[in-house]
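A.B. asks: Pasting a structure below so you can have a look.
The values are calculated or read from the model by the stated rules, or taken from the named source; none is laboratory data. It should be emphasised that the depicted structure is a prediction, and the values quoted were computed from it without experimental measurement. Neighbour counts run over all protein chains shown; Cβ positions are idealised from the backbone, glycine included. Accessible surface is based on the protein model in full, side chains and every heavy atom, while ligands, DNA and RNA are left aside. Shrake-Rupley method; radii C 1.70, N 1.55, O 1.52, S 1.80 Å.
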Amino acid sequence: MATTTTKEKINAYEAALHNFDAAADALELKSDTREMIKYPERVLMVSVPVRMDDGRIRRFEGYRVQHSSVRGPAKGGIRYHPNVTLDEVKALATWMTWKCAVVNIPFGGAKGGITCDPKHMSEGELERMTRRYTSAILPLIGPEQDIPAPDVYTNAQTMAWIMDTYSMTKGYPIPGVVTGKPVCLGGSLGRNEATGRGVFYTIQSACEHLHMALRGATVAVQGFGNAGSIAAQLLHEAGAKVIAVSDSTGCVYNEHGLDIPNLMHMKALTGHVEGFPEAEKISPAELLAMQCYVLIPAALESAIDGENATAVRARIVAEAANGPVTPDGDRILEAKGVFLIPDILCNAGGVTVSYFEWVQDEQHLFWEAQDVYNRLERVMRAAFRDVLKIHEESAAPMRIAANMLGIGRVAEAVQIRGIYP
Ligand code: NAD
């Protein structure tokens, strides 16, 4: 792909395919194998009519994409956002496949989404939309087939509605159809904070690798939702100084470090970070250009691109979000010597504990929180070591090294399975 000098035109799916090709080239993967694992296995587009509170019916567009079931049931979250498109869902499903393989859990990749604006919908409208969407994707999902989970603007409540709808249709309770459920329905302790905790473990590992102390290190976080806020909280507890935080409504900054527990409390009460006492307001561009040791993009795709990557001054970029750096952004960060913890490694803690949840549901036997954390830490640290080893041995950038690890494992599995019929 040619380097673009003006604003990049490529979308997330093109970026996913671009990174696939780079890793497949580095692995010298045969063209037959590439053809078998590169593209989604199944794509479903559904119409979701919903009776709104004012009595009118509105139709939403929904998607479920299964990218791969080579290594196990397809697995991936469901996103509610106005910008959801089929290409975005395909990209996210593709990344799920490599991500599950990077942390070596026996799942393939999937993703779903509805193009909607959940911030302007009532609880009742969201419930009706979720239940109708679940009915529409019912033929694809199931604990042995495809297991949804939360993503942007969906949560444990959304998963409870999906679990209930699916179970009522089948006639008996089937908690293993989704992960990220409330604990009282068979959810796992530690799942809610799993993504942020995994981000934290990979940042710890990166600091050890770079011989830098985490205590006192400065951190900026773009996106103060599930992934970003938990990562910020754990870094704060470990003695790092979280100096800047943003959400979709604004950005706050304090050079001495923000009081993260208080900020989380305010965000829970008001829904935004702006107006936090003892902090100044800064612009989104200033947050990304912040002089800090760790920058955590934890919002949406393409936050750092060919235009703004030159302004990044962090030593480590830890991708809590999926696809926050575009290929042009990657090239610039790489040239600047930024140490990248790529998304399919950095945020894999969520799917790892989703796997633990699914295992517990299947066994009807539940683990203690500390057990979950210990297992998660072992998985994340092993995955970091595996990716770093490829990075050091092949001189491939960290993103390509992570893709090489994930794609290599899927390729090995597909070669052994062969082609049906
Ligand atoms: P969330 O809905 O809990 O939070 C998203 C946050 O991003 C919100 O605070 C929102 O205000 C903020 N945001 C949105 N647009 C923004 C912008 N332009 N600038 C700054 N902030 C913005 O979602 P989440 O689950 O934390 O997901 C965030 C990212 O992490 C996504 O890319 C998601 O795919 C990825 N991720 C999440 C999980 C998980 O388990 N939740 C797992 C893996 C990856």
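A.B. asks: Please give the calculated 222 nm ellipticity per residue for the chain, where each DSSP H segment of at least 4 residues contributes -39500 (n - 2.57) and the sum is spread over every residue; nearest 500 deg cm²/dmol?
C.D. replies: Values: 14 runs with 189 residues, N = 421.
Calculated from helices alone, the mean residue ellipticity at 222 nm is -14500 deg cm²/dmol.
A.B. asks: Compute the relative contact order of the range 194-346 as a whole-number percentage, counting only Cα pairs closer than 8 Å that sit 6 or more residues apart in sequence. If you can, show how the numbers build up before the last one.
C.D. replies: On the way: 328 pairs, mean separation 34.3, N = 153.
For the range 194-346, the relative contact order is 22 percent.
A.B. asks: If I model a spin label at Glu412 and Gln363 as a point 7 Å from the Cα along the Cα→Cβ vector, what separation in nanometres do I get?
C.D. replies: So the two model labels end up 2.4 nm from each other.
A.B. asks: Residue farthest toward the positive end of the dipole of the range 41-85, with Cβ of Lys/Arg at +1 and Asp/Glu at -1: which of Val70, Val43, Asn83?
C.D. replies: Val70
A.B. asks: State which entries of Lys111/Lys281; Lys38/Lys389; Lys75/Lys389; Lys30/Lys111; Lys281/Lys389; Lys75/Lys170 exceed 30 angstrom in Cα-Cα distance in the structure shown. All intermediate terms of the calculation are to be shown ahead of the outcome.
C.D. replies: Numbers: Lys111/Lys281 35 Å; Lys38/Lys389 24 Å; Lys75/Lys389 27 Å; Lys30/Lys111 27 Å; Lys281/Lys389 41 Å; Lys75/Lys170 20 Å.
Going by Cα-Cα distance, Lys111/Lys281; Lys281/Lys389 fall outside the 30 Å limit.
A.B. asks: For the chain, what proportion of DSSP beta bridges, expressed in % and rounded to the nearest 5, is antiparallel?
C.D. replies: Working: 25 of 49 bridges.
Of those bridges, close to 50 percent are antiparallel.
A.B. asks: Put a dot 7 Å past each Cα toward the Cβ at Lys389 and Thr85; how far apart are the dots in nm?
C.D. replies: Label-label distance for Thr85 and Lys389, simple model: 3.9 nm.
A.B. asks: Along the positive direction of the dipole of the chain (beta-carbon charges: Lys, Arg +1; Asp, Glu -1; about the Cα centre), which of Gly323, Ala335, Met264 reaches farthest?
C.D. replies: Final value for the positive-end residue is Gly323.
A.B. asks: Right, something else. Assuming R0 = 51 Å, can you tell me the calculated FRET efficiency for the pair Ser31 and Lys336, based on Cβ-Cβ distance, to the nearest 0.05? List each step's numbers first, then the result.
C.D. replies: Values: r = 34 Å, r/R0 = 0.67.
E between Ser31 and Lys336, to the nearest 0.05, is 0.90.
A.B. asks: Hey, any idea what % of the range 46-178's accessible area is carbon plus sulfur with a 1.4 Å probe? Walk me through the numbers before you get to the answer.
C.D. replies: Details: 2380 of 4680 Å².
Answer for the range 46-178: carbon and sulfur cover 51 percent of the accessible area.
A.B. asks: So what is the relative contact order for the chain, in percent, with contacts set as C-alpha pairs under 8 Å and at least six apart? Please list the in-between numbers first.
C.D. replies: Details: 896 pairs, mean separation 73.8, N = 421.
Once divided by the residue count of the chain, the mean separation gives 18 percent.
A.B. asks: Let me ask something else. When ligands, DNA and RNA are left out and all protein chains stay put, how many square angstrom of accessible area per residue does the range 46-178 have with a 1.4 Å probe? Before the final figure, lay out the partial values.
C.D. replies: Working: 4680 Å² over 133 residues.
Result: 35 Å² per residue.
A.B. asks: Nearest 5 percent is fine: what portion of the DSSP beta bridges confined to the range 189-273 is antiparallel? Show your work: numbers first, answer last.
C.D. replies: Details: 4 of 9 bridges.
Antiparallel bridges make up about 45 percent of those DSSP assigns within the range 189-273.
A.B. asks: When DSSP beta bridges are limited to those with both residues in the range 46-178, what percentage is antiparallel, rounded to the nearest 5? Mind showing how you got there, number by number?
C.D. replies: Values: 14 of 23 bridges.
Around 60 percent antiparallel, to the nearest 5.
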